[in-house]
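These notes are about the structure you will find just below.
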Amino acid sequence: MSRSMVQALAVLALALAGCDAAKEPMSKAREAEAAGKVAEAKALYAEVCKAAESSPFCPVAKQRIEALTVREATTLVAEGQSGKAKELSATVTDAPAKRAFEALAKTRAMSSAAAFEEANASADKAAARAKMEELAGQSSPVADKAKEWLTKNGPALLLDEVKAACKPDGTGSCVDLGKKIAKLFPTSPEASEAKALVDAEYKRLHPLLKQAEALLVQRLEISNWKSKYDLCLKQAEPSPGGYEMQVCKTEVGIPEDRGDPFSTSFLEGAWKKKLTEIHDPGWVKSLEDRWGKIESDGIYDPASLPKPGESK
């Protein structure tokens, strides 16, 4: 037997021996992967090459480790752990796994996971709560995680915002935040505490809101005067000296001692001052919208302003 043939047989014998040594961990690794035990499967696939680097099973085991690393990263993303998923991307070397990680990085799931992770670590809890509410309303994998976060942290955080808002110089809208906590966490102790704060602030605001309502009525009166006056002039016969203008003022019921009956400058000044006193953005927006509706359409919708202590 030639020397070269002896060497070839020796190599074949070593390969077969390596194949036998790698066979058992390879079989166990496949079973673990089929059972969804990713970490265990990766460890067993690594044992394949440790048992026999020359085994034909070794390249396959390496490929499975890379594929399972992608799978592991996808699971981390669904759990809102984008940072750990990105770290895993640096551990793969073969082209298919690299492409899979590049595709994963561009998905909405990854961006949502990153947003969840950032909000979860944020010191600005009000901003974190707002971001978690946004994520909870999406169809992303972290939606349930965001809901869990809100269930755990939402009542206390909202109560903190209510406390900051329900005072004359507060930040945020006391009325809107009060409605929000009552809707989202109606049976929580925080909702009961928030209601007391909202009621106290409403007691302060009630006379100011009544005064704002009176200003709206005055704005409506000017709007009505103008509409009726314009219609009267349109129907009146023109006369020398503009006599019909005075006739129309009388018909409309505009007081004679009123200077420019359609000027709103003084009223607008009083209105802006009143809104500043009210301060609460929720009430202010509602009042501004109603003022604008009078200006544009001449429509006034009376507000329900029960006395403090009565049901609202």
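The values are calculated or read from the model by the stated rules, or taken from the named source; none is laboratory data. Everything numeric here is computed off the predicted structure, so don't read it as measured data. Every residue, glycine among them, receives a Cβ derived from its backbone with ideal geometry; neighbour counts consider all protein chains shown. Ligands, DNA and RNA are stripped out before the accessible areas are found, and what is left, the full protein with its side chains, is counted by its heavy atoms. Shrake-Rupley method; radii C 1.70, N 1.55, O 1.52, S 1.80 Å.
Summary table below
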| read-out | value |
| --- | --- |
| 222 nm mean residue ellipticity, helices alone, for the chain (DSSP H n ≥ 4; -39,500 (n - 2.57); rounded to 500) | -25500 deg cm²/dmol |
| Computed magnitude of the charge dipole of the chain (debye, nearest 20; Cβ of K, R +1, Cβ of D, E -1) | 1000 |
| 23 Å Cα-Cα threshold exceeded, pairs from Lys210/Lys273; Lys152/Lys203; Lys228/Lys272 | Lys152/Lys203; Lys228/Lys272 |
| Paramagnetic label zone (point 7 Å from Cα along Cα-to-C-beta, Lys285; backbone N under 17 Å) in region 105-147 | 127, 130-131, 133-134 |
| Zone of Asn153's modelled label, taken as backbone nitrogen in region 91-131 under 11 Å from a point 7 Å along Cα→Cβ | 116-131 |
| Calculated from backbone phi, Karplus (6.51, -1.76, 1.60) coupling profile of region 75-84 in Hz, x at Gly/Pro | 5, 4, 4, 5, 8, x, 10, 5, x, 5 |
| Only Lys, Arg (+1) and Asp, Glu (-1) charged, at Cβ; region 119-208 dipole about Cα centre in debye | 100 |
| Part-to-part distance (alpha-carbon centres) for region 197-224 and region 147-194, which is given in Å | 25 |
| Accessible area, probe 1.4 Å, largest first, for residues Val162, Val70 | Val70, Val162 |
| Pairwise centroid distance, computed over Cα atoms, of region 52-99 with region 253-301, Å | 66 |
| Karplus (6.51, -1.76, 1.60) ³J(HN,Hα), θ = phi - 60°, over region 258-271, in Hz, Gly and Pro reported as x | 7, x, 8, x, 9, 6, 10, 4, 5, 5, 5, x, 5, 5 |
| The chain - percent of accessible surface contributed by carbon and sulfur, probe 1.4 Å | 56 |
| Per residue accessible area in Å² of the chain, where ligands, DNA and RNA are left out and the probe is 1.4 Å | 59 |
| Protein-only accessible surface order, largest first, of Thr264, Thr250 at 1.4 Å | Thr250, Thr264 |
| Net lengthening on full extension, Lys23/Thr250 (0.36 nm per residue, minus Cα-Cα) | 71.0 nm |
| FRET efficiency, 1/(1 + (r/R0)^6) with R0 25 Å, evaluated for Ala236 and Arg258 via beta carbons | 0.80 |
| Added length on full extension, which subtracts the Cα-Cα distance from 0.36 nm per residue, Ala164 to Leu184 | 5.3 nm |
